[in-house]
Amino acid sequence: MDRLAKLNREELIARMRADFEATMRQVAQAVNDAPDGHLIDGSEELVRDVLGEFRRRAFETAAQMRVEATEASPDFSPGEGGVGASRGGGAVDAELQRPGGTASPPLPQRRRNHRRARG
């Protein structure tokens with residue numbers, strides 16, 4: 001099996017519903033708690049952080065559901081290719097990492113500029 005199975009959209013919505021509602025309560029609370037005259041600067045950063053965490057959880061849940069759907073597929077064989085999906089390096093792992101299954105290039109190393117104190 002070279003392809004990931006599709007996740008069930010309605011199941012994702014059901015799984016994320018309580019988390020979404022809790023997140024919206026936090027957004028409303030942050031906006032309501034902002035001081036008068038400081039609506040934006042008193043709530044924007046907290047709302048951004050709350051929504052960023054929700055975005056991360058939603059993506060992780062969706063990705064995990066897609067892997068679970070693949071593993072539940074009758075075509076799935078954990079021994080296929082000699083490398084199991086949970087061990088890394090398999091087709092499922094590569095597809096999760098980059099389009100086309102390619103690895104990302106290494107990050108460039110930052111050079112430190114050591115300046116000597118002159119006195």
Among ALA28, ALA22, ALA58, which is the only one that is closer than 25 Å to ALA72 by Cα and either without any contact (Cβ under 8 Å) to a residue 40 or more places away in the chain or touching a helix residue (DSSP H, G or I) at 6+ places or on another chain (Cβ under 8 Å) (or both)? ALA58
For LEU12, are the conditions met, namely being in contact (Cβ under 8 Å) with a residue 24 or more places away in the chain and touching a Ser or Thr at 6+ places or on another chain (Cβ under 7 Å)? yes
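Residue-by-condition table, conditions (1) in contact with a His (Cβ under 6 Å, 6 or more places away or on another chain); (2) modelled with pLDDT of 75 or more; (3) not in a loop (DSSP other than H, G, I, E, B):
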{"site": "LYS6", "(1), (2), (3)": "no, yes, no"}
{"site": "LEU12", "(1), (2), (3)": "no, yes, yes"}
{"site": "GLN29", "(1), (2), (3)": "no, yes, yes"}
{"site": "ARG57", "(1), (2), (3)": "no, yes, yes"}
{"site": "SER77", "(1), (2), (3)": "no, no, no"}
{"site": "GLY81", "(1), (2), (3)": "no, no, yes"}
{"site": "LEU96", "(1), (2), (3)": "no, no, yes"}
{"site": "PRO108", "(1), (2), (3)": "no, no, no"}
From ASP49, ASP19, which residue is of a type in the set (D, E, K, R), more than 18 Å from ALA62 (Cβ to Cβ), open to solvent by less than 80 Å² (accessible area, probe 1.4 Å) and part of a helix (DSSP H, G or I)? ASP49
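The values are calculated or read from the model by the stated rules, or taken from the named source; none is laboratory data. These numbers were taken from a predicted model, which means no experiment stands behind them. Every residue, glycine among them, receives a Cβ derived from its backbone with ideal geometry; neighbour counts consider all protein chains shown. The area values use the complete protein model at the heavy-atom level, side chains included, leaving out ligands, DNA and RNA. Shrake-Rupley method; radii C 1.70, N 1.55, O 1.52, S 1.80 Å.
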